[in-house]
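My structure is below; once you've seen it, I'll send some questions.
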Amino acid sequence: MRNLIQLLWKYNFLLLFILLQVFCFYRIIDEQKFHKAAVLNSSNAMVANAMQKVNEVKDYLWLRENNAYLAAENARLKAYDSTLFFDLSTHKSGTVDSAYAIQYQFIVAKVVNNTIHNRNNFITVNKGFANGIEPDMGVISASGAVGVVKDVSEHFSTIQSLLHSKTRASVKLKSGFYGPLTWDGSHPQRATLSEIPANVKVNVGDTVVTTAFSTIFPEGVMVGRVLSVKPGSGGDFLKITVALSTNFSNLSHVYIVTNKFKIEQKTLEAKTDSIDKNGN
């Protein structure tokens, strides 16, 4: 207490000066509307700015959870796309019985590893056979096709991406002409569409989407846009460079495609192929 009294006595003039300044400042603000409004506006601006900074920090901290939520919501919305339903309509004696069944469903997975600069690139996600994942399932992102599931463990899966020397995706142009999409390893955002006849008119900017010729992807999934068109070797086909719609360098979440009619279709095709080979 004695030290406190000595300290106050030592700085009594300074403390008195500060108190008087505060009192005068208060009187000016209290009696002058202009000054009062200016102080209130300044304080409100400071508080608003501080709250904005706090909210920015909170948004950043919750970014991971928000991304996961949005990915799950996108998967739910994709399930209602009319192009993903299988038509069960029957036509009998001039009548039509219409019915539809969901053919494709989507499982959200988070990317935990990804390569883009190798000749054969793979993606690892945090979902496995415990979540219903199987090899040869298609994988897409919010912006387009990604690849095909290669190997599966209980809680993880590896995906052979479009950026792989052995990936051949069946794609088509808006004109309906189709061919295989392959990657030559030169650029992580470009692939090559081949086997398009040379007489087909193809314009730069034309969309390239998946076909219905495989059980892997739904028809019409965005793959990219035509970047350039050149005559292929031999002159019978075009060499089309496609700018991929999926940015493989910043993949966060993907959707693994489940085709409910895949086994039925594959079984029937295998049976037909076996009969054809045996000549029966």
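The values are calculated or read from the model by the stated rules, or taken from the named source; none is laboratory data. These figures come from a predicted structure and were not determined experimentally. So basically every Cβ, Gly included, is an ideal-geometry build from the backbone, and we count neighbours across all protein chains shown.
For the structure I just gave you, tell me whether residue 240 is of a type in the set (Val, Ile, Thr), more than 24 Å from residue 124 (Cα to Cα) and exposed (fewer than 11 other Cβ atoms within 10 Å of the Cβ). Outline the logic, then answer.
On the way: of a type in the set (Val, Ile, Thr): yes; more than 24 Å from residue 124 (Cα to Cα): yes; exposed (fewer than 11 other Cβ atoms within 10 Å of the Cβ): no.
It is false that residue 240 is of a type in the set (Val, Ile, Thr), more than 24 Å from residue 124 (Cα to Cα) and exposed (fewer than 11 other Cβ atoms within 10 Å of the Cβ).
Is it the case that some residue within the stretch 115-122 is among the basic types (Lys, Arg) and part of a strand (DSSP E or B)?
Taking the stretch 115-122 and keeping what is among the basic types (Lys, Arg), we get 119.
With the extra rule that they be part of a strand (DSSP E or B), the set shrinks to none.
For the stretch 115-122, residues among the basic types (Lys, Arg) and part of a strand (DSSP E or B): absent.
Return the total of residues in the stretch 125-163 being within 15 Å of residue 258 (Cα to Cα), not in a strand (DSSP E or B) and not polar (S, T, N, Q).
To start, the set of residues in the stretch 125-163 that are within 15 Å of residue 258 (Cα to Cα) comprises 127-141, 145-150, 152, 157, 159.
Those still in the list that are not in a strand (DSSP E or B) too: 127-137, 141.
After this cut, where a residue has to be not polar (S, T, N, Q) as well, the list is 127-130, 132-137.
Count: 10.
Take the conditions over 23 Å from the mean Cα position of the chain (by Cα), surrounded by fewer than 16 Cβ atoms within 10 Å (Cβ to Cβ) and in the same structural domain as residue 117 (by TED's automatic domain parsing) and apply them to residue 213. Does it pass? I'd like the intermediate steps shown before the answer.
Values: over 23 Å from the mean Cα position of the chain (by Cα): yes; surrounded by fewer than 16 Cβ atoms within 10 Å (Cβ to Cβ): yes; in the same structural domain as residue 117 (by TED's automatic domain parsing): yes.
Taking the combined requirement at face value, the residue satisfies it.
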